Each structure stands twice: as structure tokens, then as C-alpha cells.
1. Restricted to the stretch 578-599, and to residues that are touching a helix residue (DSSP H, G or I) at 6+ places or on another chain (Cβ under 6 Å) and modelled with pLDDT of 85 or more, which residue is surrounded by the fewest Cβ atoms within 10 Å (Cβ to Cβ)?
2. In the stretch 656-670, what count of residues is obtained for those that are modelled with pLDDT under 70 and surrounded by 10 or more Cβ atoms within 10 Å (Cβ to Cβ)?
3. Can you confirm whether Ser555 is surrounded by fewer than 18 Cβ atoms within 10 Å (Cβ to Cβ) and of a type in the set (Ser, Thr, Tyr)?
4. Of all residues being charged (D, E, K, R) and in a helix (DSSP H, G or I) in the stretch 108-159, which is farthest from Leu221 (Cα to Cα)? Just the residue, please.
5. I need a count of the residues in the stretch 676-710 that are under 23 Å from His325 (Cα atoms) and of a type outside the set (Phe, Trp, Tyr).
6. For the stretch 711-724, what are the residues that are farther than 30 Å from Pro323 by Cα and touching a residue at least 60 places away in the same chain (Cβ under 8 Å)?
7. In the stretch 304-353, how many residues are charged (D, E, K, R), over 18 Å from the mean Cα position of the chain (by Cα) and part of a helix (DSSP H, G or I)?
8. Could you figure out which of (1) free of Cβ contacts under 8 Å to residues at least 60 places away in the same chain; (2) more than 28 Å from Thr414 (Cβ to Cβ); (3) buried (at least 21 other Cβ atoms within 10 Å of the Cβ) isn't true of Val629?
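The values are calculated or read from the model by the stated rules, or taken from the named source; none is laboratory data. Source: prediction; values computed, not measured. Backbone-built Cβ (ideal geometry, glycine too); neighbour counts: all protein chains shown.
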Amino acid sequence: MMAMAFSFTPTQLSWTSSDCPRSLHFLFSHYGSHLLQNCVGSEARRLAIRNCRVFCQSKTETLQLRRYSPLLESSFVPGTSATVSDEWQAVPDIWRSSAERYGDRIALVDPYHNPASKMTYKELEQSILNFSEGLRAIGIKPDEKIALFADNSCRWLVADQGIMTMGAINVVRGSRSSSEELLQIYNHSESVALVVDNPELFNRILETFHLKASMRCVILLWGEKSSLANEGVDDITVFDYNDIMDMGRESRKVMLGSHDAKQRYTYEPISSDDIATLVYTSGTTGNPKGVMLTHRNLLHQIKNLWDIVPAKVGDKFLSMLPPWHAYERACEYFIFTFGVEQAYTTIRNLKDDLRQYQPDYLISVPLVYETLYSGIQKQILASSNARRLIVLAFINVSLAYMQLKRIYEGTYLTRSKVQPTHIVSALDWLFARMTAAILWPIHMLAKIVVYSKVQSAIGIWKAGISGGGSLPSHVDLFFEAIGITVQNGYGLTECSPVVAARRPTCNVLGSVGHPIRHTEFRIVDMETGDALPPGSRGIVEVRGPQVMKGYYKNSSATQQVLDQEGWFSTGDIGWIAPHHSRGRSRRCGGVIVLDGRAKDTIVLLTGENVEPTVIEEAAMRSTLIQQIVVIGQDQRRLGAIVFPNKEEVLSAAKKLSAEDSSTSDVSNEILTNLIYSEVRKWTSECPFQIGPILIANEPFTIDNGLMTPTMKVRRDKVAAYYKKEIENLFK
């Protein structure tokens, strides 16, 4: 077979063809301007043109391998035909099905990038195909790793799916990670090219990457190449988003219009067992590990999340999480198979977008729901005394009503393995039902007078889905009381990520719900590893088609968490609710309840084990506490590091007349005393009490390295950061 191939550098262009004149005409008519544009700076382009040499020769070449998404790209493969089918083999196959079903419907709205974007399902499918073909045009090969370091946007989705479509593997991370961490991920993954959010991010990481990372090329999703730093990019080929899209569009025209062009390749469909992506874990307990997720892993999520989120055509979703977060990513893939409309937002714009966009669903992490809860509480406390008392009374009645409702509906969570007698069950049900009937009119009045206004302000008309961390019980109870459904779920990056979630039809508060379809759970003893019966507390293990292939280039770490039978050890402590045929927990059997992380457990000098998250969640109910980390490993008693809500502390100090009404600050002594009193007050019912308290001068953030990019506190980093202060605290 006679075949054509070309390669290009700023100083040399080589071309092999059976027909040189036609080949050169095709090259320069379709790609010349794009290739020359990638030489940064006008001088570089002049040198490129002056030094460009062309070699023509004929020789027999081996056909190039073209890996393709079986359904999405079937029209490019000779002898195949495509019909809408549920038999997806690769993640990008979903876009052909969605384009056929929902073609002219709006798929996504991205108002905060320049230019603002709105894309239909058909346009989204075509954009993914163009980006994928553009990657082939610049020489990206199947199975090569492409680093995708960018934040949430429509172009992130196009790039992510474009890379997958042509059989390459994307290595994802966000822009808020440090340059050193991004370099480590890039090199460890053996990436050959970099897709980056914008020139600002590339300029920030360039000094760290220069001479330490081998980059075949860089692709900018947003912004102009002219905004790149002048130093350090002369030897790097840079494309912008439009370059890739234009090259891909032209190459697709050639492929679709020329039988000869299709004959230059051997075709190989992507297998469900091929690696789709490398996702590096957040690293709360050490360096990130590269989780290998296959197309089969992710397709399991796409096919089985409807039980949790029964999305319908036209439903509105609001997206704000980092798209490389496995939770956000799997949910996005899933919802786009049902014809929904997704709008992108940011933390800064969330409040306004909730009011304006009025989403049916919000998929987010517990911190967002805590923030919404705090904002509502703040508005209540800022109102007049009479109004505040009425609203708080309504909320207390609604909390009591919903608790009684859970009792008579059988969704009141208990850990007891012993079923109540028939008489006790009947009396319990009767008392709950009668008392709830008395409270129901007040609860309904509160919904009309108060809660409806809250709902109008934040939308979330069908449900808020919480995952990626522990949802504090007081937040969970509050939203249930005011009529906003919050469904808590459980997942891990290693499991693609969702393994369990609360259903709309069985929303058991205090749990993370039942396992999703085709997923098994078991609880094992922390020391022996033996399986334990329901109601027993131990390490949670999971098995199912969503469990990862392993950690990239880290077989020892893989063997530590994944056994030969396919059981993945989550490292979380929990229990499975016992099955009861009667009583207040008769519908709770089989739900999963989490109690904390095994690695987070604090062991005191007395030998007692303490789960810090329980105490932290209790303390966080105080409006004076913004962040808290319980400490005390190898100490006689517990302590805590607290970052206070300074506005609330100042307000509380003025009310107690501890500070002059005109002051704008609080003395350290008063601040510490107020925080200590709050911690003691809110944790009084916890099995362990907090002793000494250290007041942090700055919050725990992603930027200072004390939080992961998924907004979880890095306990080890906090302990190391405050090491000397902690030592003094316990003296």
C-alpha cells in the first residue's frame, strides 16, 4: 500500500508520498497556516518559512493504526454503519446516541468564559469529533498520555472526550494544584503533550516545567498565544483551541470525501477494557497515586446512576465542581445521556446562578451545602427578634415533624440487630403518626410562609446530590426540614467513583444509601480481615465493575487495596444496617453508614481510639467556627485547631459586652474563650471532649496546601504546619 506521511519542525518539513504535487497542495492548503502559526513570534515564523525544506520521495510504508470510538466514529471506518444503540463500548459513544435523540436541544451553557458558549447536543458531538481529529493531525497516537490541566468549562469536556475518542489517555488535574504537583503528575504519567486551561496557567507552571518535562506540544483551551511568556516557549510547539478545531474539521472533510484517505489506516475499535483516563488522587495522606479507570468502569456509572438521579429531558443542572473530580465527571457523562441542560458556574457566582438558573439538580460536595446552610442561618439571625423567633420555632417544629415521619415510614436509622416486638412497633408507629398529625399543619404553614421563599432563592427543585465527603448531620436534617431534598452518596476515585447513594424513594438520613446496581459491600474486621455481620463496625470493602484497574506504575500500592477476588478496601470505617421486618428502621436494611477514615483515627496515650470527624461535625454547627481539625495523636487528651468566623466572633463579643461596640477586632484572650465555650457547648454529647485549643491565623485553603483540590482538609499537612504550636499546646 502506498501511503503518505509528513512531519514538521520550524526548520524542516519532510513528506513521503506516491504523488508529491497533490500532497504538497493538500498540506499547504489545509494545514500550512496552522503549522506556521505555531512558531511563536513573527521572527520565528520568518525563519520557519526561510529555512523550510521539502523532501519528496516514494516508498512503501506500513499502514498507520487508527483507534476509534466504535459508535461515535463508525462513519469514518470503511464497511460499517451506525444506528443508535445502547451497546456503548467506549465513553465517547454516548455522544452519537445523544446527538441522535436530542440534536437541537441545548446541552450546555458556559457564560463565564470569553467567548461565552452555548452548545446543542449536535454541536457538542461535532466539536468532540473535530478536536479528536485535530489531535490526530498533530501527531498524537493511540495509548499516548495527554495531560489535561484545566478547570470546569465546555472546552474541558470537548478536550476530555476528544482525547478519549481517538484512543489516547487523558491525565487530568485542575489549575489550583501547585506547579510542583502538576510536574510530578505529568512526568509520572509519562505524558507527551499538555492541554492547559489558559496562558496564565501555562506561564505559571512554565518555569517549573522548563527542562524538566518533555512536551511535544501545548494546547491552550482559552486565551491567545500572544499572551504567553516570551521566555522558555521558543522550543515548544503551541496550538490554541481554534487551531486544533480547524485542523480537525479539515481532516474530517478529507476523510469523509476520499476513499483513498480511509485506506491509509488500519482500524481498531476502542475496547471497554482500555484505559480511558488517569486520575490522580487528592493525596490527603501522601503523594497522589494515578488511578487507572477504563471505559468499562465509567460506562458502569453512566448506565446505573439513574436510580439516584432520575433525570428527564429538559432538566436543568448546575455544574461547579472541578471536572477532573471523578464525582463531577461521572455525573456529567451520565446526565448528558438524558437530554438535560447544564450550566457552568463558579463558587463566586453560585448564589446568583441558583436564583437565576433555578436548577432542578445541584451535584456538589458537602462544603457547598454547608455554605448554603450557613447563609440561610445568617439571614435568619440578622432579621428582627420577632421574625427570628417565629422562623426558628417553625424550623424546630419541622425538625420534629420530619423525625416522626421517618419513624412511621420506617426510615429512621438504627444500628440495633434486635427487632422490636410487634406490640412495641405498633405503639411506636401509632405515637409517631398521631404526633406528626398534630404538627403537620404548623409544618405546612411554615412551608408556605418561610420555606417557599428559601426554595425560590436557591432552586434545587428536585434534589441536591452530595458526595465527595461527609455531609454533616445538622445540615442534612435542616434541608429535610425545609423541604429541600438532599441525597447523600458515597464514592472513591478508585471506584469511578459512585458505589452507594440514597434514592429519592428511600432517603435514609445518616446513611450514604444502598449500593448502586451490580455493586457488593462487605464489612471486615480491622485486625483479622474476617467478614462481619450487619450492624458490626469495621473496614468497608467494595466489589463491582466500577472498581479501577489499579494504580499506574504502582503494583505494590494496588495489591494493598485490591485483592485477587476483586474486593477493594476503601480505608473507611462503617457498618451495614441490619434488616428488620418491622419497627422504625424496617426500610433501612442494607444501607451503608460511614463513621470515619481508618487513617484519620486518633489513638490517645490511654489506648482509646477517637474518630475526629464526629467531633468536628458537631463543632461546625457553631456559627463562630469556620474550620476545625481535631488533634491529639499520642497525647493524653484531644485538642483542636480552629479558624474562627471573625465576623460572628466580633458580633458575639459585642453582645456579651466583652468588646467596645466601635471596635473592629477581638483580643486573643476573648477570642480563645469564646471559641472554647462554643466547642464545649456543641460537642458536649460527643464521647470525647476537646481540651486545649489553638487559634489558626489563616484558613485552611487549597492555595496554602492545607486542603486538597477537592476541598478536603489535609490533616497531615495541618499537623506539620502547626507542629511547634501543637507541641506547646500539649505541654
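1. Going residue by residue through the stretch 578-599, those that are touching a helix residue (DSSP H, G or I) at 6+ places or on another chain (Cβ under 6 Å) are 582-584, 596.
Filter once more, keeping what is modelled with pLDDT of 85 or more: 582-584.
Working: Arg582: 16, Gly583: 23, Arg584: 23.
Selected residue: Arg582.
2. Residues of the stretch 656-670 that are modelled with pLDDT under 70, as a first pass: 658-664.
Still in the list and also surrounded by 10 or more Cβ atoms within 10 Å (Cβ to Cβ): 658-659, 663.
Summing the residues that are modelled with pLDDT under 70 and surrounded by 10 or more Cβ atoms within 10 Å (Cβ to Cβ) in the stretch 656-670 gives 3.
3. Values: surrounded by fewer than 18 Cβ atoms within 10 Å (Cβ to Cβ): yes; of a type in the set (Ser, Thr, Tyr): yes.
For Ser555, the condition - surrounded by fewer than 18 Cβ atoms within 10 Å (Cβ to Cβ) and of a type in the set (Ser, Thr, Tyr) - is met.
4. Step one: list which residues in the stretch 108-159 are charged (D, E, K, R), which gives 110, 118, 122-123, 125, 133, 136, 141, 143-145, 151, 155.
Among the residues that remain, those that are also in a helix (DSSP H, G or I) are: 122-123, 125, 133, 136, 155.
On the way: Lys122: 20, Glu123: 17, Glu125: 17, Glu133: 16, Arg136: 17, Arg155: 6 Å.
Among those residues, the one meeting the criterion is Lys122.
5. Of all residues in the stretch 676-710, those under 23 Å from His325 (Cα atoms) come to 699-710.
Add one more test, that the residue is of a type outside the set (Phe, Trp, Tyr), and what stays is 699, 701-710.
The qualifying residues number 11.
6. Of everything in the stretch 711-724, just one residue is farther than 30 Å from Pro323 by Cα and touching a residue at least 60 places away in the same chain (Cβ under 8 Å), namely Tyr722.
7. Of the residues in the stretch 304-353, the ones charged (D, E, K, R) are 307, 312, 315-316, 328-329, 332, 341, 348, 351-353.
From what is left, the residues that are over 18 Å from the mean Cα position of the chain (by Cα) are 307, 312, 315-316, 341, 351-353.
Next, only the ones that are part of a helix (DSSP H, G or I) stay: 351-353.
Counting residues in the stretch 304-353 that are charged (D, E, K, R), over 18 Å from the mean Cα position of the chain (by Cα) and part of a helix (DSSP H, G or I) gives 3.
8. Answer for Val629: the failing condition is (1).
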